[in-house]
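Just so you know, all these numbers are worked out from the coordinates, no wet-lab data involved. Since the model is a prediction, treat every value here as computed from it, not as a measurement. Quick reminder, even Gly has a Cβ in these numbers, built from the backbone with ideal geometry, and neighbours come from all protein chains shown.
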């Protein structure tokens with residue numbers, strides 16, 4: 001896949017620019033490279049460098065996913081709900097009559113801040129599917145939950161999944177904060193992200209005040225909307241009006257991308273809230289959602305916030321900003337291809353987009369387009385890691401190199417040099433390329449210094 005990716009990138013608009021830049025920079029730096037720079041580099045690397053091997057490896061989907069929320073019980077107790085999502089392909093199935101059966105055990109251990117066990121619980125269950133194809137399905141999964149009563153505080157949740165057919169096991173850990181409860185103040189429960197809220201309760205485990213709320217354990221959405229469930233605890237005053245302010249902030253750019261306000265009348269001491277959030281016009285990325293409970297004077301009485309993601313689906317990219325989506329293809333598309341996409345009519349954009357990626361599909365006979373998946377995996381990574389205050393990750397020099405060449409085989413960090421600004425060196429041994437970035441301004445924006453592509457060998 002890496003070779004195939006590089007084949008398409010070689011003909012892209014951006015890569016032609018890089019080729020010319022590499023030739024120009026190589027002439028300027030050739031003499032320096034083979035003399036004093038080599039000597040200084042060897043000396044400084046021994047003394048000051050920080051070397052990472054296997055840096056930025058391809059991301060893999062977790063073996064199983066974990067999330068939590070909590071809701072007030074009587075007295076000081078809260079009901080801690082720990083949700084987990086298991087993918088069919090991770091479990092071992094055996095034939096059971098006309099069906100296939102997987103058996104698993106889930107163990108939840110709750111630790112305090114000192115690592116002492118507070119409580120533990122476990123569950124054994126079976127999963128049945130009708131067809132063999134479902135046993136190896138990447139899209140097949142189950143969602144379930146464990147719950148415990150717990151007091152306010154900070155905890156570590158340790159969830160162990162054991163495949164009882166193969167004896168394989170996996171462990172996920174996450175921190176949990178259970179809020180303090182003051183009956184004289186308003187409090188919002190943690191936010192429960194959901195793909196669907198239904199009036200029909202099919203699984204009593206997921207019943208919330210008369211409705212079924214299925215948790216989205218990954219908090220990742222590729223549709224135009226998602227749902228929230230949370231509870232408000234406070235005084236009963238049906239005559240008094242309150243406001244619920246919903247704010248979504250882009251984690252990379254620290255910009256507010258959505259704000260909505262609802263009104264609320266407190267008809268009971270516990271008020272359940274079911275909220276639909278539209279994200280149709282929000283581009284893929286990482287976000288923080290905050291919910292503020294405010295009085296008539298806009299004073300914030302309580303607040304709850306948490307993170308979520310908008311997945312990089314074709315539809316979400318196009319709906320959010322088609323022109324930007326086309327610009328982001330500069331590392332794999334030719335100038336003619338990008339021009340054709342930009343000139344397409346609005347009603348044809350989805351078709352033209354699909355045709356573009358179809359032309360790049362290395363395995364057209366399958367459902368997957370591995371090249372497209374790899375491209376957007378890289379794009380997701382650069383957006384999360386290389387963005388600066390005035391540029392998105394894919395627009396920076398470091399993001400540009402990562403998009404074209406992928407993750408380096410090795411990276412050297414030189415953050416503290418006596419007579420030089422901080423710099424990093426990325427090595428690509430298969431293509432014999434070395435890339436040097438310098439933080440010229442000390443603000444964390446790594447600018448391309450030069451690319452050397454002759455005879456770089458693995459150390």
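Work out, step by step, the length gained on full extension between residue 339 and residue 358: first 0.36 nm times the residue separation, then minus their alpha carbon distance; give nm to one decimal.
5.1 nm
Relative to a virtual label point 7 Å from the Cα of residue 126 in the Cα→beta-carbon direction, which members of region 138-175 show backbone nitrogen distances below 13 Å?
Answer for region 138-175: 165.
Which whole-percent values make up P(r) of region 303-453 when all C-alpha to C-alpha distances are grouped in 10 Å steps starting at zero?
Distribution as computed: 9, 33, 31, 20, 6, 1 percent.
Which value results for Rg/Rh of region 61-181 when Rg is the Cα radius of gyration and Rh the Kirkwood radius based on the inverse mean 1/r?
Rg/Rh for region 61-181 comes to 1.05.
Say each of residue 297 and residue 324 gets a label point 7 Å from the Cα, pointing the same way as Cα to Cβ; how far apart are those two points in nm?
3.8
Label residue 348 and residue 177 with points 7 Å out from Cα along Cα→Cβ: what is the distance between them in nm?
Going by the 7 Å Cα→Cβ label model, 5.2 nm.
Residue separation times 0.36 nm, minus the C-alpha to C-alpha distance between residue 305 and residue 260: what's the value?
14.7 nm
Rg over Rh of region 99-248, using C-alpha atoms and the Kirkwood radius, what does it come to?
Result for region 99-248 is an Rg/Rh of 1.01.
Over region 113-199, what is the relative contact order in percent, taking alpha-carbon pairs closer than 8 angstrom and at least six residues apart?
22
Where a ≥ b ≥ c are the square roots of the eigenvalues of the C-alpha gyration tensor, would you call region 183-311 rounded, which needs a/c under 1.5, or, failing that, prolate if a/b is larger than b/c, or oblate?
Taking the square roots of the gyration eigenvalues as a ≥ b ≥ c, region 183-311 is oblate.
Could you give the nm distance between label points at residue 207 and residue 384, where each point is 7 Å from its Cα heading toward the beta carbon?
For residue 207 paired with residue 384, the spin-label model returns 3.8 nm.
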